[in-house]
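Okay, structure first, notes after.
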Amino acid sequence: MSTDAKKVYIRSYGCQMNEYDAAKMADLLHAAGGYEETADPEQADLVLLNTCSIREKAAHKVFSDLGRLRALKDKGTLIGVGGCVASQEGAAIVERAPYVDLVFGPQTLHRLPQMIEARRALGQPQVDIRFPEIEKFDHLPPARVVGPTAFVSIMEGCSKYCSYCVVPYTRGDEVSRPLDDVLAEVAGLAARGVREVTLLGQNVNAWRGTADGDDGDGDAADFALLLECAAALPGIERIRYTTSHPNEFSQRLIDVYARLPKLVNHLHLPVQHGSDRVLAAMKRGYTVLQYKSIVRRLRALRPGLSLSTDFIVGFPGETEADHEASLRLIDEIGFDSSFSFVFSPRPGTPAANLPDDTPQAVKLQRLQQLQARIEANAQRISAARVGTVQRVLVEGPARRPGADGPELMGRTECNRIVNFAGPAELVGRMVDLAISEALPHSLRGELREPALAA
Ligand code: SAH
Ligand code: SF4
Ligand code: F3S
């Protein structure tokens, strides 16, 4: 690696798909231009802000960050804005911040090398935020593997159009990657030591593919089939996916839980609200009863299944009774964790125009109440793990050393971090740990013999 390699600084603001895109930008710029990543924008030849517009706060942050980066222009640093704000705002970003050189969307990030070249050759900012179907994946180099876990995008976009959400506008409609492409990527990762894959998409259970030998007239492959094929690949020990949607959570998908032990005992299934009235206004397309029915059928097959979710608090018109329905649902389901936020009106979405008379202070109070309720559940679930044996995929060194020197870190099926003392050779392996202590954000465990012989 030469020391005068060009450097790129990439900052991500959003969801796992946004982070996945950032990793792809780094891979692409490395393959096409020899760029190395740096954690310091001052050192970078190219600074990329991979933006998110899901809530107002995330979107605003971009412009304040851009203002600060402006000083770098004196050194000739190129500045690019990608992601979901770029997709929504397009050329307006350059109008507002004329020192921005590149504006690209989640579906055009593979064109970055050409855009950089065009910027240099033409001396003009380059803007390309189209949705050229799934072309992106055909232009990405193979992923660089870091550790035993990896993400694999199986689809792009979203066609659900929930009334509050920008994603269908920023990422376009749902487009699935072909089955063979996904499986080839997973197999390639497994061959390079990956043991756990997380299949990514805004609605992975809406994934549809054409199976081998299918001329397009036959039954399209569904997500249940994709999971079975991925689980059959040698080397893959664990499969996660995110995000799935309560709609299209088919009985076929539920049944897969009985057959595939590699499918983790944890599911992130965003519910958004506990009141049918609010769910309807959100255009989620299911009722609380339907959500509970999915969970009941899953837990009939997997009694210990842990569930995490997303909640939106303070949707326009939400009453105290609606809010209490969300609190009740938390206890009924026993959610293990949740991403929960106050509703943020987003330009261009139908919900942004709904009359909303709940004061922000009340909304914040409801949010705190909801988060405290989930946190109490999470603590109870963690405490109940003490004394059990948990299978953990060892990911690497622990962030902090233990009392007797460096430690290792792994994750349980339910995505809880466990720190424990053990030899570095265990990284990338599955080990059984006796859980000895539950801390607020992690567990402690002890290695059970004979871990190294496993
Ligand atoms: N596709 C997933 C989630 C995508 S966005 C799903 O449908 O469940 C991630 C989360 O951001 C959502 O689940 C929702 O809880 C939250 N979110 C989306 N738009 C929002 C808005 N306008 N205000 C507040 N939270 C929002
Ligand atoms: Fe947004 Fe709804 Fe699509 Fe999720 S399903 S990304 S919340 S529109
Ligand atoms: Fe944000 Fe776009 Fe993801 S809006 S949450 S980065 S899909």
Being open to solvent by 10 Å² or more (accessible area, probe 1.4 Å) and either in contact with a helix residue (DSSP H, G or I) (Cβ under 8 Å, 6 or more places away or on another chain) or among the acidic types (Asp, Glu) (or both) is the filter here; which residues of region 180-195 pass it? ASP180, ASP181, LEU183, GLU185
Counting only residues in region 352-370 that are within 27 Å of HIS268 (Cα to Cα) and among the polar types (S, T, N, Q), the one surrounded by the fewest Cβ atoms within 10 Å (Cβ to Cβ) is identified as GLN368
Residue under question is LEU447, and the condition is that it be in contact (Cβ under 8 Å) with a residue 12 or more places away in the chain and either crowded, with 21+ Cβ neighbours inside 10 Å or of a type in the set (Asp, Glu) (or both); does it hold? no
Counting only residues that are assigned to a helix (DSSP H, G or I), open to solvent by 40 Å² or more (accessible area, probe 1.4 Å) and of a type outside the set (D, E, K, R), region 307-329 contains a total of 1
Among the residues of region 19-55, count how many are part of a strand (DSSP E or B) and either without any contact (Cβ under 8 Å) to a residue 12 or more places away in the chain or away from ligand 3 (no atom under 16 Å from the Cβ) (or both). 4
Taking the options GLY304, GLY274, name whichever one is in a loop (DSSP other than H, G, I, E, B) and either open to solvent by 60 Å² or more (accessible area, probe 1.4 Å) or within 16 Å of ligand 1 (Cβ to nearest atom) (or both). GLY274
Residue count for region 330-351, restricted to those that are at pLDDT 95 or above, within 16 Å of ligand 2 (Cβ to nearest atom) and open to solvent by less than 40 Å² (accessible area, probe 1.4 Å): 7
As an exercise: evaluate PHE137 against (1) part of a helix (DSSP H, G or I); (2) at pLDDT below 95; (3) of a type outside the set (Lys, Arg); (4) within 15 Å of ASN50 (Cβ to Cβ) and give the number of the one condition it does not meet. (4)
So, ALA384, is that one of a type outside the set (Val, Ile, Thr) and at pLDDT 95 or above or not? no
Answer residue from region 137-172, given it is within 13 Å of TYR20 (Cα to Cα) and within 16 Å of ligand 3 (Cβ to nearest atom) and is surrounded by the fewest Cβ atoms within 10 Å (Cβ to Cβ) among those: PHE151
Looking at GLY285, is it over 23 Å from the mean Cα position of the chain (by Cα), of a type outside the set (Val, Ile, Thr), more than 16 Å from ligand 3 (Cβ to nearest atom) and not in a helix (DSSP H, G or I)? no
Show the residue pairs that are 6+ apart or on different chains and have beta-carbon atoms under 6 Å apart, the first residue being within region 312-339 and over 30 Å from ILE417 (Cβ atoms), the second being part of a loop (DSSP other than H, G, I, E, B). GLY314/PHE343; GLY314/THR358; PHE315/PHE343; PRO316/LEU354; PRO316/ASP356; ASP322/SER275; ALA325/GLY274; ALA325/SER275
Filtering region 338-385 down to residues that are of a type in the set (Val, Ile, Thr), closer than 20 Å to SER163 by Cβ and in contact with a strand residue (DSSP E or B) (Cβ under 9 Å, 6 or more places away or on another chain) yields VAL342
Taking the stated definitions as given, is SER176 under 29 Å from GLY193 (Cα atoms), in contact (Cβ under 8 Å) with a residue 24 or more places away in the chain and surrounded by 17 or more Cβ atoms within 10 Å (Cβ to Cβ)? yes
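The values are calculated or read from the model by the stated rules, or taken from the named source; none is laboratory data. Owing to the predicted nature of the structure, the values given are computational and were not obtained by experimental measurement. So basically every Cβ, Gly included, is an ideal-geometry build from the backbone, and we count neighbours across all protein chains shown. Ligands, DNA and RNA are stripped out before the accessible areas are found, and what is left, the full protein with its side chains, is counted by its heavy atoms. Shrake-Rupley method; radii C 1.70, N 1.55, O 1.52, S 1.80 Å.
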